Amino acid sequence: MRRSGVIVAVLFLFVFCMSFALQIQIVEAAGVETKQLIYDDAGLLSQDEYNELSALAKQYGAKRETDIIILTTNNEVDGDVMKMTEDFYDEKAPGYDKPHGNAVILTLDMKNREIYLAGFYKAKTYLDNERLDKIRTKITSDLTSGDYALAFQTYIQTVDKYMGVRPGVDPDNPLFNIWVQVGASVIIGGIVVAMMTLRSRGRVTVNRMTYEDAEASGVLDHLDQYIRTTVTKQKIEKNNNSGSGGGGGGGGTTSGGHSHSGSRGSF
């Protein structure tokens with residue numbers, strides 16, 4: 001009797017623990033589902049575009065464990081776009097893993113036609129200044145032409161792509177393209193098959209030495225004749241290009257003490 005009571009108690013404790021863990025998972029999932037990632041204060045997006053971009057940001061954000069955020073503003077107070085981004089991070093405390101955690105923010109200042117990208121914590125590591133410059137360059141033309149939804153989609157997808165490549169490596173290297181890898185594999189496989197086919201054939205044993213009389217063969221005469229010397233000069237041009245889209249800037253630290261990578265430019 002006592003033994004059956006112990007078994008019942010253990011079963012009850014097991015069911016209780018499983019139920020508690022399931023409730024935690026449901027709460028976490030609900031939090032991710034309701035988390036706001038698109039702040040379109042400038043009203044650049046339609047409702048459908050807003051919904052699609054929100055879903056895309058949540059999908060890739062979960063994959064990279066990073067909040068992918070978009071902030072648009074008409075900037076009535078004429079504030080600095082970098083300072084607005086930093087204040088947003090301090091006040092809203094975004095982060096996939098925790099408040100003030102992993103996040104990348106795109107801020108669009110419609111008053112001054114400026115854009116700022118910032119990466120915090122994990123995003124700072126995988127999206128350094130150089131990578132954020134690349135992302136900004138990719139979307140600047142679409143922003144200039146008013147294709148905001150397309151620019152934001154490219155931003156989200158490129159963040160996902162770059163965060164899948166280890167830091168310190170060029171994320172746009174063709175070797176990281178899956179189709180390039182497949183093509184290279186096919187070519188290498190074809191070369192290996194061709195070499196195996198050639199080796200499987202009978203070897204040719206006749207060469208020029210077969211019929212050559214080494215004792216009677218030799219160079220009869222030679223002649224070296226100097227013609228002329230030619231010297232050419234070429235002017236080396238200096239590259240004064242400072243970047244595309246009026247770009248520049250870099251990272252910094254918010255008033256709350258959170259350091260970040262950064263890229264700033266106009267559109």
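The values are calculated or read from the model by the stated rules, or taken from the named source; none is laboratory data. The structure presented is a predicted model; accordingly, all values stated were derived computationally and were not measured. Reconstructed Cβ throughout: ideal geometry from the backbone, glycine too, with neighbour counts over all protein chains shown.
One table, with the values for the structure above:
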| item | result |
| --- | --- |
| Count of residues meeting criterion [surrounded by 15 or more Cβ atoms within 10 Å (Cβ to Cβ) and within 14 Å of residue 114 (Cα to Cα)] in segment 80-92 | 5 |
| Scan of segment 100-113 for residues that are surrounded by fewer than 20 Cβ atoms within 10 Å (Cβ to Cβ) and of a type outside the set (A, V, I, L, M), ordered by number | 100, 101, 111, 112, 113 |
| Scan of segment 54-75 for residues that are closer than 9 Å to residue 104 by Cβ and part of a strand (DSSP E or B), ordered by number | 67, 68, 69 |
| Which listed residue is in a loop (DSSP other than H, G, I, E, B) and either modelled with pLDDT of 95 or more or β-branched (Val, Ile, Thr) (or both), from 104, 165 | 165 |
| Subset of segment 44-65 [among the polar types (S, T, N, Q) and touching a strand residue (DSSP E or B) at 6+ places or on another chain (Cβ under 6 Å)] | 54 |
| Pair list, Cβ < 9 Å and 6+ apart or interchain, from segment 137-160 residues that are over 18 Å from residue 112 (Cβ atoms) and without any contact (Cβ under 8 Å) to a residue 60 or more places away in the chain to residues that are outside any helix (DSSP H, G or I) and of a type in the set (A, V, I, L, M, F, W, C) | 141/267; 142/267 |
| Complete set of residues in segment 84-106 that are under 18 Å from the mean Cα position of the chain (by Cα) and closer than 18 Å to residue 251 by Cα | 102, 103, 104, 105, 106 |
